[in-house]
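S.K.: Sharing a structure here in structure tokens format.
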Amino acid sequence: QVQLVESGGGLVQPGGSLRLSCAASGSILSTYAMGWYRQAPGKQRELVAVIRRGGSKAYATFVKGRFTISRDNANNTLYLQMNSLNPEDTAVYYCNAQKMNNNYWGQGTQVTVSL
């Protein structure tokens, strides 16, 4: 069983930055596709960014170069660096690990962008 624990969320002003972390149990980052998703109130959960086993990355169009996904295999940690945040980025952000039929989620971390 894979466990994922997110941290780093909080309240930030528009234009600010946050770095989210996802600590994974076991050495899975290099063998799973790892991603960040988010869910705003009243909306469906949506993909933010993914880093595949081979290291290639993909981002949602709304990221527009503002976010960077990365991983530290040695420390079993996934990151999401978020810059130029705006109120539309307010959501619960979830870490995800996928491999074949296995799909795991963290509990989520709240990101609120407001004055």
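The values are calculated or read from the model by the stated rules, or taken from the named source; none is laboratory data. Note that the structure is a prediction, hence the values are computed from the model and not measured. As a convention, Cβ positions derive from the backbone with ideal geometry for all residues, glycine included, and neighbour counts pool all protein chains shown. Accessible surface is based on the protein model in full, side chains and every heavy atom, while ligands, DNA and RNA are left aside. Shrake-Rupley method; radii C 1.70, N 1.55, O 1.52, S 1.80 Å.
S.K.: Among the residues that make up the stretch 50-63, is at least one of them of a type outside the set (A, V, I, L, M), within 21 Å of Val113 (Cβ to Cβ) and part of a loop (DSSP other than H, G, I, E, B)?
M.R.: no
S.K.: Further, regarding this structure: Restricting to the stretch 5-17, name every residue that is open to solvent by less than 30 Å² (accessible area, probe 1.4 Å) and not in a loop (DSSP other than H, G, I, E, B).
M.R.: Within the stretch 5-17, Glu6, Gly10, Val12 meet the criteria.
S.K.: Restricting the search to the stretch 18-27, which residues are open to solvent by 40 Å² or more (accessible area, probe 1.4 Å) and within 21 Å of Arg53 (Cβ to Cβ)?
M.R.: Residues satisfying the conditions are Ala23, Ser25, Gly26, Ser27.
S.K.: Which of the residues spanning the stretch 47-68 are surrounded by 15 or more Cβ atoms within 10 Å (Cβ to Cβ) and under 22 Å from Leu11 (Cβ atoms)?
M.R.: Residues satisfying the conditions are Val48, Ala49, Val63, Arg66, Phe67, Thr68.
S.K.: Moving on. Could you please give the count of residues in the stretch 28-46 that are under 21 Å from Gln1 (Cβ atoms), open to solvent by 20 Å² or more (accessible area, probe 1.4 Å) and in a strand (DSSP E or B)?
M.R.: 2
S.K.: Identify, please: which residue in the stretch 70-111 is part of a strand (DSSP E or B) and touching a helix residue (DSSP H, G or I) at 6+ places or on another chain (Cβ under 9 Å) and is, among those, surrounded by the most Cβ atoms within 10 Å (Cβ to Cβ)?
M.R.: Top of the filtered list is Met82.
S.K.: Then there is this: Quick test of your reading of the structure: Gly55 fulfils all but one of (1) at pLDDT 95 or above; (2) more than 17 Å from Gly108 (Cβ to Cβ). Name the failing condition by number.
M.R.: Checking Gly55 against (1) at pLDDT 95 or above; (2) more than 17 Å from Gly108 (Cβ to Cβ), the one that fails is (1).
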